[in-house]
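Asks: Structure provided below as structure tokens; questions to follow.
The values are calculated or read from the model by the stated rules, or taken from the named source; none is laboratory data. A quick note: this is a predicted structure, and the numbers were derived from the prediction, not measured. Counting neighbours? That spans all protein chains shown, and the Cβs are built from the backbone with ideal geometry, glycine included. For the accessible areas, the whole protein counts, side chains as well, though only heavy atoms, and no ligand, DNA or RNA atoms are used. Shrake-Rupley method; radii C 1.70, N 1.55, O 1.52, S 1.80 Å.
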Amino acid sequence: MEVSLGYWVGFFAFVLVMLALDLGVFHRGNEAPTIKSSLLWSAFWIGLALIFALLVGVTSGADHALDFITAYLLEKSLSIDNLFIFILVFGFFGIELKFQHRLLFWGVFGALVMRVLFIFGGAALLQKFTWIMYIFGLFLIVTGVKMLFEKDGHTDLNDSAIIKLLRRILPLKEDVLEPKFFVRVDGKLLATQFLLALLFIEASDLLFAVDSIPAVLAVTQDTFIVVTSNIFAIMGLRSLYFALSGILPMFRYIKYALAIILAFIGVKMLVNEGAKLLDWHIHISNVASLIVIITLLTLSIVASVIVERAQKRRRFKA
């Protein structure tokens, strides 16, 4: 999909305007978002993504629109891991609900910048070294299998290497009540738990991007589609978190769906690239990818709800 510089400038201008309106107009105060408003904002961001897909289809064809929708849904589903990190971090640092939106705003802003840099870097590497697709494919398969068999357990962020490093290099005051990243105490500038939480979220997203960017590049190597689908998925992440944070822990099987999706995308990369090399008439299409992603997510959610309800009934009878 060939796009002019004007498209890039227009898209990033739109993103900056939406971010400014979000923090400066719609969420100026430190208020806890309601589930209703969060659902409406989630619907708004999903609606914008669908409108953008329609525009892509009208201007560049249905194939590019399908690429965008597949990449968007893949990134959205893989971003669910971020939501669990948000719950973990806010609980660990004791950050009140009314301050979480402002913190996530800056977290998302940083994630957008890092993702764009990652995508341009990855796309440039693939153009120069096509064999990297095989490395990406193997990496996604290994990551998916590892995630599939990884045992769930209680996570203590005190044992996190990231937290230990940040506490070692930053002078800290971790009992600040207001949402400030730095405070001055006796003339010394100290970081707060809000900054620590933000940096941990950014570092976690950087690690998740190592999985998700290669996966999206397996859908399409069109830089404009990859960048825009990533940004639309991440922009709606905060609203999705506030809408689902109360029920996310009950979706116990989501992790397995994401693991299989990652492994499937890895297999798709190897099969499609190998078929090109060996001149085989085999190709796993984006339609197939879309069906697999939707099916696995749906099955994992339905299974989670059924098991949760069954356990509640057993506890009630006991």
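Asks: Which of (1) in a loop (DSSP other than H, G, I, E, B); (2) touching a helix residue (DSSP H, G or I) at 6+ places or on another chain (Cβ under 6 Å); (3) under 30 Å from Val271 (Cα atoms) is the odd one out, the single condition Val227 does not satisfy?
Replies: So Val227 meets the others, but not (1).
Asks: Output the number of residues of the range 183-192 satisfying the condition of being open to solvent by less than 10 Å² (accessible area, probe 1.4 Å) and either of a type outside the set (A, V, I, L, M) or not in a strand (DSSP E or B) (or both). Write out each step before concluding.
Replies: Kept after step one, since they are open to solvent by less than 10 Å² (accessible area, probe 1.4 Å), are these residues of the range 183-192: 191-192.
Those still in the list that are either of a type outside the set (A, V, I, L, M) or not in a strand (DSSP E or B) (or both) too: 192.
Adding up the residues that qualify gives 1.
Asks: List every residue pair whose Cβ atoms lie under 6 Å apart, where the two residues are 6 or more positions apart in sequence or sit on different chains, the first residue falls within the range 8-27 and is within 17 Å of Ser38 (Cβ to Cβ), and the second residue, located anywhere, is modelled with pLDDT under 90.
Replies: Final answer for the pair search is Leu23/Phe105; His27/His101.
Asks: Would you check if there is a residue in the range 96-103 being assigned to a helix (DSSP H, G or I) and within 28 Å of Leu54 (Cα to Cα)?
Replies: No: the range 96-103 contains no residue that is assigned to a helix (DSSP H, G or I) and within 28 Å of Leu54 (Cα to Cα).
Asks: Return the residues of the range 285-318 that are open to solvent by less than 70 Å² (accessible area, probe 1.4 Å) and touching a residue at least 40 places away in the same chain (Cβ under 8 Å); say none if nothing qualifies.
Replies: Correct list: Asn286, Ser289, Leu290, Ile293, Leu297, Ser300, Ile301, Ala303, Ser304, Val305, Val307, Glu308.
Asks: Suppose we filter the range 53-95 for residues that are in a helix (DSSP H, G or I), in contact with a helix residue (DSSP H, G or I) (Cβ under 8 Å, 6 or more places away or on another chain) and in contact (Cβ under 8 Å) with a residue 12 or more places away in the chain; how many remain?
Replies: Looking only at that region, the number is 30.
Asks: Looking for whichever is over 15 Å from the mean Cα position of the chain (by Cα), crowded, with 19+ Cβ neighbours inside 10 Å and at negative phi here; the options are Gly266, Gly274, Gly236. Which one fits? So that I can check it myself, show each step before the final result.
Replies: Numbers: Gly274 fails: crowded, with 19+ Cβ neighbours inside 10 Å; Gly236 fails: over 15 Å from the mean Cα position of the chain (by Cα).
Result: Gly266 is the single residue among Gly266, Gly274, Gly236 that is over 15 Å from the mean Cα position of the chain (by Cα), crowded, with 19+ Cβ neighbours inside 10 Å and at negative phi.
Asks: So, in the range 141-158, of the ones that are assigned to a helix (DSSP H, G or I) and at pLDDT below 70, which residue ends up most open to solvent (accessible area, probe 1.4 Å)?
Replies: Across the range 141-158, the extreme among qualifying residues is Asn158.
Asks: Here's a follow-up. Would you point out which residue out of Ala203, Ala243, Ala233, Ala215 is without any contact (Cβ under 8 Å) to a residue 60 or more places away in the chain and among the hydrophobic types (A, V, I, L, M, F, W, C)?
Replies: Ala203
Asks: Can you find, within the range 64-81, the residue that is nearest to Ser239 (Cα to Cα) among those that are modelled with pLDDT under 85 and open to solvent by 10 Å² or more (accessible area, probe 1.4 Å)?
Replies: Ranking the qualifying residues of the range 64-81, first place goes to Ile80.
Asks: Still on this structure: Just to check your reading of the model, which residue among Gly110, Gly91, Gly47 is at pLDDT 80 or above and open to solvent by 30 Å² or more (accessible area, probe 1.4 Å)?
Replies: The match here is Gly91.
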